[in-house]
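Since the structure comes first, as structure tokens, the remarks are kept for the end.
Read-outs throughout are calculated quantities, based only on the coordinates presented, and are distinct from any laboratory measurement. All figures in this text were calculated on a predicted structure; none of them were measured in a lab. Cβ: placed from backbone, ideal geometry, glycine included. Neighbour counts: every protein chain shown.
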Amino acid sequence: MKIYVDDGSTNIKLAWVEDGKVKTFMSPNSFKREWSMRFGESQGIENYEIEGEQFAYDTQAADAEVTTDTRYQYSRVNTVAIHHALHASGIKPQPVDITVTLPLSEFLTSGNTPNDANIARKKSSVKRAVDAQGATNFVVGHVNVLPESIPAGFVKLGQLTEDEALLIVDLGGTTLDVSQVKGQMSGITMTYCDPKIGVSMVTNGIRDVMAGAARTRISPLTADKLLISYEGDAALLTTRIFDATQRAAVVERIKQQESVLGHRVSDALERFSGYTHVMCVGGGANIQAVIDAVKQATQVPADRFFVSGNAQYDLVLGMLNMNEEINDENAEG
């Protein structure tokens, strides 16, 4: 079975074909060292062992392993996160072939050629055996590695002529990957990656202000949930922060960090020119301040600026589309 995996720092996104249909699944990253106590099978699979080390999936762990770092791409917790997503997806444990990604800064050398050493390191990391407590294990066979950002524009690039070019702005939890790709996937003009620009700039700010103003340590996953819902889900903020003044401080910090993130993305795009279309993908594509900053920086007409309603899945579905001949009408979440 072939599984396509966008193993980002915040979430693991899966795409696969089952009974002729494309299916997707997302699993948040929140893992701590040592196993957790389980209360019945209804909790699902939480405990894993890899190379003699134990990890547990725990959404509330304030001391969860740091995944917003490039080193995460080759870490044991990354491998565990992929296996946890596979188990949580409902796919029957079996031998699988996996396609994963690397940030452009890791996938390419300074000369814009594939970094064979990093690609081999990623393959070896993903192939490591992971034992899931009380469950049959997935066995990883062949591993393929693709660069981030570029597959996300695969479908749109097929709609452009060779005289046109798509600027793909992929803002994830840890890195900003930008690719300028010629229409019909006929060539890559330029790529850029900044491993210090990511949505973690906002979520880390949330954790800092929660630890200060609200005197509460929260997990990275909880910070991500607060970021996603702070404007539309007052109940979540109220549940986590009782004091209205403290809630206001958190919201103010979120907006400040979102603005800073937008400026950082905008600055990075100044090095690109000559593109005709722009596409925003990744978790950061859902942040309005980032969208506004990219629009301002690129100045392309509205009909040439794309942000899908499924930005989190654009990369993993692009990976699948590059390798599978499946009609889009068969896609389901």
> How do the peptides 168-175, 248-255 rank, highest first, by the average count of neighbouring beta carbon atoms within 10 Å per residue?
Replying inline: 168-175, 248-255
> If you put +1 on each Lys and Arg Cβ and -1 on each Asp and Glu Cβ, how big is the dipole of the chain around its Cα centre, in Debye rounded to 20?
Replying inline: 660
>> Please report the spacing between the Cα centers of the range 297-320 and the range 61-98 in Å, no decimals.
In response: 26
>> Sort 184-190, 146-152, 124-130 by the packing proxy (mean of other Cβ within 10 Å over each peptide's residues), most packed first.
In response: 146-152, 124-130, 184-190
> Based on the Cβ-Cβ distance of Ser308 and His142, what FRET efficiency does E = 1/(1 + (r/R0)^6) give at R0 = 35 Å, to the nearest 0.05?
Replying inline: 0.75
> What's the extension gain from Glu18 to Lys127 if we count 0.36 nm per residue and subtract their Cα-Cα distance?
Replying inline: 37.0 nm
> If R0 is 41 Å, what FRET efficiency do you get for Glu324 and Gln60 from their C-beta distance, rounded to 0.05?
Replying inline: 0.65
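Of the cross-linked pairs Lys32/Lys295; Lys156/Lys295; Lys92/Lys196, which ones have a Cα-Cα span greater than 30 Å in the structure shown?
Correct reply: Lys32/Lys295; Lys92/Lys196.
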>> Using Cα-Cα distances under 8 Å and only pairs 6 or more residues apart, what relative contact order does the chain have, in percent?
In response: 19
> Counting Lys and Arg as +1 and Asp and Glu as -1, what is the net charge of the other residues whose Cβ lies under 10 Å from the Cβ of Lys182?
Replying inline: -3
> In a shell of Cβ-Cβ distance under 11 Å around Asp63, excluding Asp63 itself, what net charge do Lys and Arg (+1) and Asp and Glu (-1) give?
Replying inline: 0
> How much length, in nm to one decimal, is gained on full extension between Val300 and Ala244, taken as 0.36 nm per residue of separation minus their Cα-Cα distance?
Replying inline: 16.1 nm
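Which value at 222 nm does the chain reach when only helices count, each DSSP H run of 4 or more adding -39,500 (n - 2.57), with the total divided by all residues and rounded to the nearest 500 deg cm²/dmol? Kindly include the intermediate steps, with their values, before the conclusion.
Values: 10 runs with 110 residues, N = 333.
Counting only the DSSP helices, I get -10000 deg cm²/dmol.
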> Which of the lysines could a cross-linker span from Lys123 if the Cα-Cα distance has to be under 20 Å and same-chain partners fewer than 8 positions apart are dropped?
Replying inline: Lys2, Lys13
>> At 7 Å along Cα-to-Cβ for each site, give me the label-to-label distance between Asn204 and Ser110 in nm.
In response: 2.5
>> I want to check the label-to-label distance for Glu270 and Glu53. Put each point 7 Å from Cα in the C-beta direction and report it in nm to one decimal.
In response: 4.0
